[in-house]
Amino acid sequence: MGARLLDRRVPQKPPAQPTDMALREQNAALRQLQVVDREAQAMLREQIARLSAQNSELSRRLALLRGVLAPDGQAPELGVADLLLSPQADGGRIGYRLLLARVASPLADGKLTGRAELWSLGELDGRPQEIRVAQLRLALQRLQTFSGTLVLPAGFRPQRLRVVLEPRGQAPLPFEFAWQELIAAGQPMTAATPLP
């Protein structure tokens, strides 16, 4: 009889099945991971688009500067090669550094004269405002650097900085920059947008 008892096998319990509650928790965790994954993909797409735009602008600026340093007979071009804003300690004043470049060519002989203006575009008392913050004398052969301080009215919230180059005898060349990008970068500008 003892042998018969030994022959009997103890039935094994089937592996434990997850309960409905555990399945719901796993499902909720997977949904949360999907949301995080979608957000990460959206952020990555935005960063790729921003970096592509920056790369395009840097290529344009490189071509401009390359033309200044090593002319190859191309038509003259004038543009903003570098721009940086830095807030001053008092909060109402903003330091700026601006580098203009002119592509060298047989057509671009002599010094280019005229003026350059800096305009701050933003809001004052809830209304859109455009304020000229600097007027500069344009006189460059290949490169010209400007630096100084911009003073903004109390309560003015700047959003964009417009640089208008007005070479004598030529149509004005406006360029616009996002104000926060110029300050946040802490390095030369990220992207110049020539206006139509």
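When the chain is fully extended, how far beyond the present Cα-Cα distance does residue 125 get from residue 21, taking 0.36 nm per residue of separation?
Numbers: separation 104, 0.36 × 104 = 37.44 nm, distance 5.58 nm.
Separation in residues times 0.36 nm, less the Cα-Cα distance, equals 31.9 nm.
When all alpha-carbon pairs of the range 78-185 are counted, what percent fall beyond 16 Å?
On the way: 3398 of 5778 pairs.
Counting pairs separated by more than 16 Å, the tail of P(r) holds 59 percent.
So what's the net charge close to residue 30: Lys and Arg +1, Asp and Glu -1, counting the other residues with Cβ under 12 Å from its Cβ?
Working: positive: 24, 31; negative: 25, 37.
My count for the surroundings of residue 30 gives 0.
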Projected label distance in nm at residue 143 and residue 93, using a 7 Å step from Cα toward the beta-carbon:
2.7 nm
Among 83, 174, 136, which residue has its Cα positioned farthest towards the positive end of the charge dipole of the range 78-185, with +1 placed on the Cβ of Lys and Arg, -1 on the Cβ of Asp and Glu, and the dipole taken about the Cα centre?
136
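The numbers here are math on the coordinates, done by the rules we state, and not lab data. What you see is a predicted model, and the numbers here were worked out from it, not measured in a lab. All Cβ positions, even for glycine, are placed from backbone atoms using ideal geometry, and neighbour counts span all protein chains on display.
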